[in-house]
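Written below as structure tokens is the structure these notes are about.
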Amino acid sequence: MNAPSLTPPRFARSPRTSHHVEKWSWILMRVSGAILIVLIFTHLFVNLMTGDGINAIDFAFVAGKWAQPLWQWWDAAMLWLGMFHGTNGMRVLVNDYARTETSRRVLKALLALAFIVTVVLGTLVIFTFDPCPIGANPDLLPSFCESVS
């Protein structure tokens with residue numbers, strides 16, 4: 001008895017797409033996912049379980065965290081890996097479900113644009129954040145800002 005035949009995919013792989021790109025994409029999804037689990041659960045634990053929990057999260061809390069390079073890099077790593085992971089997952093969905101090559105290209109270009117804008121702006125916010133802005137309400141600022149002004 002013969003096995004039933006499988007229907008071929010709607011579109012064959014583009015000749016420009018190498019098998020190695022998809023293999024590394026698959027590997028990086030697993031690695032980034034595992035690293036993100038550690039980053040996110042540590043982030044949640046520090047923000048919600050230590051101190052006053054969710055009631056302590058305000059401008060001063062974020063300013064205090066981002067005054068330390070460790071937390072800047074931690075949050076940047078979450079941003080970069082999260083955006084890579086999500087964008088790569090969406091790229092796979094676009095490859096699977098876009099019906100024409102034109103729509104596939106447009107969707108991938110929009111996806112790349114969204115990735116670049118979010119990562120660049122998010123990184124700028126994290127690393128150029130001023131925890132002690134001039135003219136801000138002193139009650140909302142972290143305690144170390146008193147010594148700065």
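Miscellaneous remarks
- Sorted fewest first by neighbouring Cβ atoms within 10 angstrom, Arg99, Arg91 come out as Arg99, Arg91.
- Across Ile134, Ile40, Ile27, mean-square fluctuation computed from a Gaussian network of the chain (C-alpha pairs under 10 Å connected) peaks at Ile134.
- GNM on the chain, alpha-carbon springs under 10 angstrom: the most fluctuating residue among Ile54, Ile126, Ile35 is Ile54.
- Entry note, the chain: the mean residue ellipticity at 222 nm calculated from DSSP H runs of n ≥ 4, each adding -39500 (n - 2.57), is -22000 deg cm²/dmol after division by the residues and rounding to the nearest 500.
- Fewest-first sequence of Asp58, Asp75 by Cβ atoms within 10 Å of each Cβ: Asp58, Asp75
- In the elastic network of the chain, a GNM with C-alpha springs shorter than 10 Å, the most mobile of Val94, Val46, Val125 is Val46.
- Fraction of alpha-carbon pairs over 18 Å apart in the chain - percent: 70
- FRET E, pair Phe61, Phe84, Förster distance 35 Å, beta-carbon r, rounded to 0.05: 0.85
- Remark: Phe41, Phe144 ranked as Phe41, Phe144, counting other beta-carbon atoms within 10 Å and listing the fewest first.
- A straight line joining the Cα centroids of the stretch 61-82 and the stretch 97-138 runs 16 Å.
- Note on the chain: with charges restricted to the Cβ of Lys and Arg (+1) and Asp and Glu (-1), its dipole about the Cα centre is near 1260 debye.
- Simple rule: put +1 on each Lys or Arg Cβ and -1 on each Asp or Glu Cβ in the chain, find the dipole, and look at His20, Ser32, Leu48; the Cα lying farthest toward the positive end is His20.
- Distance (nanometres) between label positions extended 7 Å along Cα→Cβ at Asp139 and Val92: 5.0
Values quoted throughout were computed directly from the atomic coordinates according to the rules given, and no laboratory measurement underlies them. Only a predicted model underlies this, so the values are computations on that prediction, with no experimental measurement involved. For neighbour counting, all protein chains shown are included, and Cβ atoms are generated from backbone atoms with ideal geometry for every residue, glycine included.
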